[in-house]
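Only one structure is covered here, and it is reproduced in the block below.
Please treat every number below as a calculation from the coordinates, not as lab data. None of these values were measured; they are calculated from a predicted model. Cβ atoms come from the backbone with ideal geometry, glycine included; neighbour counts cover every protein chain shown.
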Amino acid sequence: MIDIKLLQRDFENVATALKRKGVAQEILDNLKSISEDAKQKRQDMENVTAEQNKLSKEFGRYKKEGLDIAPLQENINNLKANKQTLEDEVRVLEENLTAIALGVPNMPDANVPDGADEDENIVLSVIGEKPEFSFEPKEHWDLDNGWIDFEKGVKLAKSRFAALRGDGARMERALINYMLDFNRARGFEEWYVPFMANSNALQGTGQLPKFEDDLFKIEGEDLYLIPTAEVSLTNLVNDEIIPSEELPMLLTSYTPCFRKEAGSAGRDTRGLIRQHQFDKVEMVAITQPSQSDEIFEKMVNCASDLLTSLGLPHQKVQLCTGDLGFSAATTIDLEVWLPGQNKYREISSISNTREFQSRRAKIRYKDGKKNILTHTLNGSSLAVGRTLLAIMENYQNEDGSVRIPDVLKKYMQ
């Protein structure tokens, strides 16, 4: 959540930053009006409290000196009633302010490039050589090897579900184990977490309330199927104060992810690119502010090196403001080369949310006598289904068979 105190103290700069993220002027004006009203009402309440305390001290003196206390008592009672009215007004204003703020995205870092959409993202570097083929490479859904059965996925669930069989299923499992081992070797502690989360956890990482339409809700329960392990891993320390010596916390986990893809009608309807259920190995970091830029680079390099180890050419892309996610202050995407599509496609997204999620989830660390908000970071390492299809396309043979990357061979035994 954005910093309400900063909003009240430096509204113009906050508004300028939020406009870069596409926040409408009407919302900004509403935020400003309510925050100013809340600030003034709170000051009025504090003034009344100070006056009430002053008269209460006088009350004892009046009684001791035998003075008429009736007028003083009346003033104290009036102040008490006025204070209660102001407290109620402040509570309502601050609740309204919080409700609006929960739907406002994070401010982008100053060095994030301005842009309207993904077409204005900036390629930072290209890693690896694209494979050459003596034949026309196919897209993964056209490879005749029986790895993916889309019809069975529809039969069991509905469209945008798929079933894997044989070597396809084995490679999915091999990739999960390989990714977890790779991340553990880079210092990330492995966790196994629930595949459901409550509304408090989802609010903490920013999926609720704004993106509820994209979540699968469990009927009759305060539970949702998780859209990413970022939710579970980040909220392991929800409403906690972490000893500073325990930071940074580097975490990794495999989970299936569930998304309605409510805003993607008509996009990537074929293949494994955009499914309602997919596997992912996630990285999350909880850090002190001074550590977060270094950890961000570590996470980007971890995911990039993982792709390199699999022999998959890819590029690092800095997202512009128009393509930046709701909670992110800065994001670097990794896009893997898909020869069948003859283009790069996103396979990992690494984001630094700064204090945004920690403020929502109340994640703090102890620095001397002070409790300070942590920074939180998250990133895919990697989306397993997209890695599977990238291997299928980059390692395909003319007859539809697929070679196994060397690092995966022992995981496929």
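In a simple Cβ point-charge model (Lys, Arg +1; Asp, Glu -1; nothing else charged), the stretch 12-152 has a dipole of about 1600 debye relative to its Cα centre. Of the Cα atoms belonging to the stretch 198-237, the radius of gyration and Dmax stand at 9.3, 27 Å. Rounded to the nearest whole Hz, the Karplus-based 3J(HN,Hα) values (6.51 cos²θ - 1.76 cosθ + 1.60, θ = phi - 60°) of the stretch 102-119 follow the sequence 5, x, 9, x, 5, 6, x, 4, 4, 8, 6, x, 6, x, 7, 7, 4, 5, with x at glycine and proline. Projecting the Cα positions of 269, 255, 237 onto the charge dipole of the stretch 198-287 (unit charges on Cβ atoms of Lys, Arg, Asp and Glu, taken about the Cα centre) puts 269 furthest along the positive direction.
Computed from the Kirkwood radius of its Cα pairs, the Stokes-Einstein diffusion coefficient for the stretch 40-148 at 4 °C and 1.567 mPa s stands at 60 µm²/s.
Of all the options 178, 62, 224, the one that moves most in a Gaussian network model of the chain with Cα springs shorter than 10 angstrom is 62. Can you give the angle from 0 to 90° between the axis of helix 166-185 and the longest principal axis of the chain, with both taken from C-alpha atoms, to the nearest 10? On a 0 to 90 degree scale, this one is about 50. Computed on the Cα atoms alone, the convex hull of the stretch 200-266 gives a volume of 111 cubic angstrom per residue. P(r) tail for the stretch 362-413: Cα pairs beyond 18 Å make up 58% of the total.
In this rough spin-label picture, where each label sits 7 Å from Cα along the Cβ direction, the residue 397-residue 40 distance is 7.7 nm.
Its residue count N fixes a reference of 2.2 N^0.38 Å for the stretch 258-371, and the Cα radius of gyration divided by that reference is 1.25. All C-alpha to C-alpha distances of the stretch 273-314, sorted into 10 Å bins beginning at zero, yield P(r) values of 23, 38, 31, 8 percent in whole numbers. Which of the lysines could be linked to residue 217 by a straight reach, that is with a Cα gap under 27 Å, when you skip same-chain ones fewer than 8 residues away? Once the sequence-local lysines are set aside, what remains near residue 217 is 152, 155, 158, 260, 280, 362.
For the chain, a crude dipole built from +1 on the beta carbon of Lys and Arg and -1 on the beta carbon of Asp and Glu, taken about the Cα centre, is about 920 debye to the nearest 20. Note on the stretch 314-413: Cα convex hull, mean projected area over all directions, 9.8 nm².
In whole angstrom, the chain maps to an equivalent ellipsoid with semi-axes of 53, 20, 20, each derived as √(5λ) from the alpha carbon gyration tensor and ordered largest first.
Note on residue 367 and residue 53: the extension gain reaches 109.6 nm, defined as 0.36 nm multiplied by sequence separation minus the Cα-Cα distance.
Structure remark: mean-square fluctuation, Gaussian network model of the chain, C-alpha springs under 10 Å; the largest value among 333, 305, 29 belongs to 29. Under 10 Å, Cα contacts only: if you run a Gaussian network model on the chain, which one of 45, 392, 196 comes out with the highest mean-square fluctuation? For the chain, modelled as a Gaussian network with Cα springs under 10 Å, the answer is 45. Taking every alpha-carbon pair within the stretch 93-203, the share separated by more than 22 Å comes to 71 percent. Averaging 1/r over every pair of different alpha carbons in the stretch 130-272 and inverting the result gives a Kirkwood radius of 18.1 Å. Overall size of the stretch 75-137 from C-alpha positions, given as principal axis extents largest first: 92, 25, 20 Å. Remark on the stretch 243-325: hydrodynamic radius 15.8 angstrom, per the Kirkwood mean of 1/r across alpha carbon pairs. Taking amide H positions as modeled 1.01 Å from N, with prolines and chain starts lacking one, the residues under 5 Å from residue 215 and 5 or more places away or on another chain are 260.
Within the chain, antiparallel bridges make up roughly 90 percent of the DSSP beta bridges whose residues both belong there.
Ratio of Rg to Rh for the stretch 156-200: 1.11 [Cα atoms; Kirkwood radius as inverse mean 1/r over pairs].
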